[in-house]
Amino acid sequence: MKNIEKYIEITAQLINLQLQPEHLPGVVENLEKITAIAQLVIDFPLPPEIEPAPKFDPEKLEH
């Protein structure tokens, strides 16, 4: 992700999050880690024969 600091600052403004300047480096670091982990999931190869899971319906859970 390019210009991650600016992205965080703008996103914080959009959701009315009061982000203190001293917290920005930690937020940037965490978002970079999350992005790297998400990329591993996105890049994970799935075999063509795999099918999507059925829709989760908590009403149908056995108690």
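Data overview
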read-out	value
Mean projection area, nm², convex hull over Cα of the chain	8.2 nm²
Lys60-Leu40 FRET efficiency (beta carbon distance; Förster radius 22 Å; 0.05 resolution)	0.10
Between 0 and 90°, nearest 10: helix 4-14 axis offset from the chain longest Cα axis	80 degrees
Among Pro21, Leu31, Pro52 the positive-end extreme of the charge dipole of the chain (Cβ point charges)	Pro21
Reachable lysines from Lys2, criterion Cα separation under 29 angstrom, eight or more residues apart if same chain	Lys33
Local electrostatic count at Ile37 - Lys and Arg +1, Asp and Glu -1, tallied over other residues with Cβ under 15 Å	-2
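No value in this document is a laboratory result; all are computed from the given coordinates. Only a predicted model underlies this, so the values are computations on that prediction, with no experimental measurement involved. Ideal geometry is used to build each Cβ from the backbone, glycine not excepted, and the neighbour counts take in all protein chains shown.
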